[in-house]
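> Please read through the structure below; I'll follow up with questions.
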Amino acid sequence: MSVLKSASTRIQNAMTIDVEDYFQVSAFDKHITRDEWSSYQPRVENSTRRLLDLFAEANVSATFFVLGWVAERFPVLMRDIFAQGHEIASHGPMHERVSSLTPEEFKRGVSATKQRLEDITGAEVIGYRAPSFSIGPEQTWAWDILAETGHRYSSSIYPGQLDHYGFPGAPRTAFRVQGCNLLEIPVSTLDVFKQRLPIGGGGYFRLLPYGAFSAGIRRLNRGDGMPAMFYLHPWEIDPGQPRVSGLSRKTHFRHYLNLHRTEPRLRRLLAEFSWARVIDVYDIDAQPAVSKWNANCIPSATG
Ligand SMILES: [Zn+2]
């Protein structure tokens with residue numbers, strides 16, 4: 001049995017948005033503390049509404065992984081996202097990397113965020129994405145907690161190694177985590193000449209020429225028979241955002257690169273491929289297990 005729902009020849013891809021403001025990204029952690037967040041003028045509502053307009057024009061439904069901090073401040077936006085047929089999922093409360101939390105802190109945070117989102121929209125929340133794809137080999141306990149707290153899928157790993165995150169050795173395809181009832185859907189990668197390349201979105205969507213990126217998605221769909229798990233942030237279509245000072249050259253480059261090009265590129269991407277919510281693309285509860293990959297999520301077995 002496949003985990004993919006699409007019966008047509010054209011593969012449906014998962015369009016996902018990580019709803020956080022420009023000053024909340026992990027790369028700014030050293031420059032802006034969480035206590036300082038409230039002193040910034042939020043821009044997330046406007047840029048998220050802009051995304052909603054683009055999705056409406058393209059007739060695309062998407063999954064929004066919302067930060068608890070944002071949901072708390074913009075409940076009307078949450079209800080509007082949901083009312084327009086999109087899926088609301090969780091991005092945790094305060095954008096802490098899973099690796100920086102104890103299992104108890106993680107559990108408190110994901111439970112509270114799920115509950116809050118459900119109170120706001122009145123709909124069950126079953127999806128979660130870890131900030132910065134921060135479930136790695138040392139954080140497999142997090143899957144167990146996600147299942148225990150009523151989440152049914154997670155999209156929280158990069159199945160390879162990038163400079164500050166990754167889960168080397170994990171499958172590229174969606175897999176059911178053995179030992180708990182949870183589907184993990186890794187962000188998209190491509191294997192080219194024995195190299196695993198990121199093709200999931202975010203900074204790489206802004207860095208690569210559009211043609212190269214879309215060729216990657218085509219290869220995923222046609223060559224590998226896999227849907228793309230694509231992600232973007234509202235701030236990535238907001239070239240007018242205030243510049244944060246004191247950043248390293250690398251961080252500055254990564255954050256501000258091609259912001260003005262993202263919206264036109266996204267329009268092309270929406271038109272060129274078929275996109276849907278995570279819950280439309282994947283059969284979340286498909287049984288039996290979709291992968292033999294043995295990621296043991298039982299805390300006693302992983303320490
Ligand atoms: Zn994030």
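The values are calculated or read from the model by the stated rules, or taken from the named source; none is laboratory data. What you see is a predicted model; the values in this text were computed from it and never measured. Every residue, glycine among them, receives a Cβ derived from its backbone with ideal geometry; neighbour counts consider all protein chains shown. We work out accessible area using only protein heavy atoms, side chains counted, and drop any ligands, DNA or RNA first. Shrake-Rupley method; radii C 1.70, N 1.55, O 1.52, S 1.80 Å.
> Would you tell me the accessible area of HIS86, worked out with a 1.4 angstrom probe on the heavy atoms of the protein chains, in Å² to the nearest 10?
10
> Here's a follow-up. If amide H atoms are built 1.01 Å from N in the plane of the peptide, which residues on other chains or at least 5 residues away come under 5 Å of the amide H of TRP275?
Placed amide hydrogens put ASN13 under 5 Å from TRP275.
> Provide the per residue accessible area, probe 1.4 Å, for the chain, rounded to a whole number of square angstrom. Display every interim value, and only then the final one.
Working: 13050 Å² over 303 residues.
Value for the chain: 43 Å² per residue.
> So, with a 1.4 angstrom probe, what is the percent of accessible area on region 26-102 that is carbon and sulfur?
On the way: 1620 of 3490 Å².
Ligands and nucleic acids excluded, carbon and sulfur give 46 percent.
> Could you point to the residue in PHE213, MET94, GLY68 farthest towards the positive end of the chain's charge dipole, with +1 and -1 charges on the Cβ of Lys/Arg and Asp/Glu respectively?
Selected residue: PHE213.
> Still on this structure: Over the chain, what relative contact order in percent results from Cα pairs under 8 Å that are six or more residues apart?
Details: 549 pairs, mean separation 80.9, N = 303.
Relative contact order for the chain comes out at 27 percent.
> In addition: What's the extension gain from ALA123 to ARG249 if we count 0.36 nm per residue and subtract their Cα-Cα distance?
Numbers: separation 126, 0.36 × 126 = 45.36 nm, distance 4.24 nm.
Full extension of this stretch gives 41.1 nm more.
> Then there's this: Is there a pair in LYS30/LYS114; LYS194/LYS250; LYS114/LYS194 whose C-alpha atoms are over 29 Å apart, and which pairs would that be? Intermediate results must be reported in sequence, preceding the final value.
Values: LYS30/LYS114 27 Å; LYS194/LYS250 26 Å; LYS114/LYS194 39 Å.
Checking Cα-Cα distances, LYS114/LYS194 exceed 29 Å.
> Here's another thing I want to ask about it. Round to a whole number: what % of the accessible area of region 109-227 belongs to carbon and sulfur, probe 1.4 Å? Walk me through the numbers before you get to the answer.
Working: 2200 of 4280 Å².
Its accessible area is 51 percent carbon and sulfur atoms.
> Please compute the contact order of region 166-206 in relative form: average sequence separation of alpha-carbon pairs under 8 Å and at least six residues apart, divided by the residue count, as a percent.
Working: 35 pairs, mean separation 9.8, N = 41.
Value for region 166-206: 24 percent.
> Hey, another quick one. Work out which helices of the chain, taken as complete DSSP H runs, extend at least 24 Å along their axis over the Cα atoms and score a mean Kyte-Doolittle of 0.0 or more, then list them. If you can, show how the numbers build up before the last one.
Working: long enough: 103-121 (27 Å, -1.13).
Sorted by number, there is nothing, because no helix extends far enough and scores high enough.
> For region 1-160, what class follows from the C-alpha gyration tensor (a ≥ b ≥ c being the square roots of its eigenvalues): rounded when a/c is under 1.5, otherwise prolate if a/b is larger than b/c, else oblate? Kindly include the intermediate steps, with their values, before the conclusion.
Working: a/c = 1.56, a/b = 1.10, b/c = 1.43.
Oblate.
> So how much slack lies between ALA212 and ARG73, counting 0.36 nm per residue of separation and subtracting their Cα-Cα distance, in nm? Display every interim value, and only then the final one.
Numbers: separation 139, 0.36 × 139 = 50.04 nm, distance 3.78 nm.
So the extension gain works out to 46.3 nm.
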